[in-house]
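The next block holds one structure in the form of structure tokens; read it before the comments.
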Amino acid sequence: MGAWLNGPMTWGNAVVIFLWGAVFLMIVLGFVTYAIYFERKVIGWMQFRQGPNRVGPLGLLQTVADIFKLLIKEDTIPRKADRLLFMLAPVLAYVPAFSVLAVIPYTQKLYFADLNVGLLYYVALSGISTLAIVLGGWASNNKYALLGGMRSAAQMISYEVPLVISVVGVILLSGSLNLRDIVEAQSGGWFWNWNFLPQIIGFAVFIIAAVSELNRTPFDLPEAESELVAGYHVEYSGFRFAFFMLTEYVYVYAIAALTTVLFLGGWQAPAPFLEFVPGILWFLLKFVFVVFFLFWIRATFPRIRVDQLMGLGWKVLLPVSLLNVFLTAVYIELFIKG
């Protein structure tokens, strides 16, 4: 599909691309719907609870009912809010979250956009959601929302730095910013050729920074219910609130897919004798494992303080990520070039 989409643009191609985009949107919405259900079930089991079990068989329609309730709720806008920016913020948050998925390769031939700077595209576009969160908090004209927005700006900008630096080692080893090339560089036959072992330091930094970028426990300070009511989206209701929730879980999809591509070998089999299994199945298994890991973290760790959050980012993750770049460069010079 990817190779076909790289052909000349015609009206027919444009219609087909639009239809593929619509189909993919439905797939992502389906993932979000049942990722929320799966998260509530997993956390329930870990805390010796049932989780959703009333609406539909085994509670499978609980999230559908919740979404339907959000869509039919009254859409309120605070009287003293900046109406235009208040309405724009949820859209500005969601559009980059969905757009970054265009560069994720699922197999050698299954992808939407094959960019030579695909990783750079992902990082640059995902940063726009930070602006949307700050915008939503400020436009609400609510002190709790403003505090949540400012926390988000400080947190997401601080953790984007080690997040980007942590993948520099992967770029050095593969010699490319193209995500398909990065996967191909891990195709040594066995799982120890995947980047999560040679880049174990960068992998650890990436995971911690990624959880912070997602604003998820234990780094969910921008929407800390016990301190800020609901944080930056406290004044949002109905489908606008649903957009912010949708953005969070679409980024869960994006980060899980990016982790699979950068560090877990993408569609590569873990051993040569398992290569008969289709690559898309290996990708999906790794992807589901990363999603489960993110939910596991939420059920395990308590929220940290703001000073601990900023100290971890600037005093620990940033120096460690820079050290990883230096060690990777030394390794390449001594063992690969040498």
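The values are calculated or read from the model by the stated rules, or taken from the named source; none is laboratory data. None of these values were measured; they are calculated from a predicted model. Ideal geometry is used to build each Cβ from the backbone, glycine not excepted, and the neighbour counts take in all protein chains shown. When the accessible area is computed, the model is the full protein with side chains, heavy atoms only, and any ligands, DNA or RNA have been set aside. Shrake-Rupley method; radii C 1.70, N 1.55, O 1.52, S 1.80 Å.
So what's the net charge close to Ala124: Lys and Arg +1, Asp and Glu -1, counting the other residues with Cβ under 15 Å from its Cβ? Could the numbers behind the result be given before it?
Numbers: positive: none; negative: Glu160, Glu213.
After counting each charged neighbour, the total is -2.
List the lysines whose alpha-carbon lies under 24 Å from that of Lys109, not counting same-chain residues fewer than 8 positions away?
Straight-distance partners of Lys109: Lys286.
If each residue of separation counts as 0.36 nm, what is the full-extension length gain between Trp190 and Leu61 once their alpha-carbon separation is subtracted?
Numbers: separation 129, 0.36 × 129 = 46.44 nm, distance 4.03 nm.
Gain in length upon complete extension: 42.4 nm.
What are the lysines whose alpha-carbon lies under 21 Å from the alpha-carbon of Lys69, with same-chain residues fewer than 8 places away excluded?
Lys41
Please report, as a whole percent, how much of the solvent-accessible surface of the chain comes from carbon and sulfur atoms (probe radius 1.4 Å).
On the way: 11920 of 16620 Å².
C and S atoms contribute 72 percent here.
Taking 0.36 nm per residue of sequence separation and subtracting the Cα-Cα distance, how much length would be gained by fully extending the chain between Leu274 and Tyr34, in nm to one decimal?
Working: separation 240, 0.36 × 240 = 86.40 nm, distance 2.90 nm.
That works out to 83.5 nm of additional length.
Any idea what Rg and Dmax come out to for the stretch 36-185 if you just take the C-alpha atoms, in Å?
Both quantities, over Cα of the stretch 36-185: 20.0, 55 Å.
If the only charges are +1 at each Lys and Arg Cβ and -1 at each Asp and Glu Cβ, what is the size of the charge dipole of the chain around the Cα centre, to the nearest 20 debye?
Working: 21 positive and 19 negative charges, 122 e Å.
Rounded to the nearest 20 debye, it is 580 debye.
Scale the Cα Rg of the stretch 89-141 by the rule-of-thumb value 2.2 N^0.38 Å and send over the ratio, two decimals. Intermediate values should be presented prior to the final figure.
On the way: Rg = 13.7 Å, N = 53, 2.2 N^0.38 = 9.9 Å.
After normalising by residue count via 2.2 N^0.38 Å, the value is 1.38.
What is the diffusion coefficient of the stretch 137-240 in µm²/s, taking the Kirkwood radius over Cα pairs and the Stokes-Einstein relation at 20 °C with a viscosity of 1.002 mPa s?
136
At 1.4 Å probe size, with every protein chain present, just tell me what the per residue accessible area of the chain comes to in Å².
49
What is the distance, in nm, between label points placed 7 Å from the Cα along the Cα-to-Cβ direction at Phe326 and at Ile27?
Each label point lies 7 Å from its Cα, and together they span 4.3 nm.
Among Thr217, Thr328, Ile201, whose Cα sits farthest toward the positive end of the charge dipole of the stretch 192-338 (+1 at Cβ of Lys/Arg, -1 at Cβ of Asp/Glu, about the Cα centre)?
Checking the options against the dipole of the stretch 192-338, the answer is Thr328.
Name all residues of the stretch 299-335 having a backbone nitrogen under 14 Å from the label point set 7 Å from the Cα of Val161 along its Cα→Cβ direction, giving them as ranges.
Correct set: 310-323.
Just to be sure I understand the model, the point goes 7 Å from the Cα along the line to the Cβ. What's the resulting Leu71 to Leu84 distance in nm?
Those two pseudo-labels are separated by 3.0 nm.
Within straight cross-link reach of Lys143, meaning Cα distance under 26 Å, which lysines are found once same-chain residues fewer than 8 apart are removed?
Lys73, Lys80
Set the Förster radius R0 to 22 Å, insert the Cβ-Cβ distance between Ala124 and Val91 as r into 1/(1 + (r/R0)^6), and round the FRET efficiency to 0.05.
0.75
Please compute, for the alpha-carbon atoms of the chain, the extent along each of the three principal axes and give them in descending order in Å.
Principal extents (Cα only, largest first): 66, 51, 47 Å.
Taking 0.36 nm per residue of separation and subtracting the Cα-Cα distance, what length does fully extending Val15 through Leu284 add?
On the way: separation 269, 0.36 × 269 = 96.84 nm, distance 2.81 nm.
Value of the extension gain: 94.0 nm.
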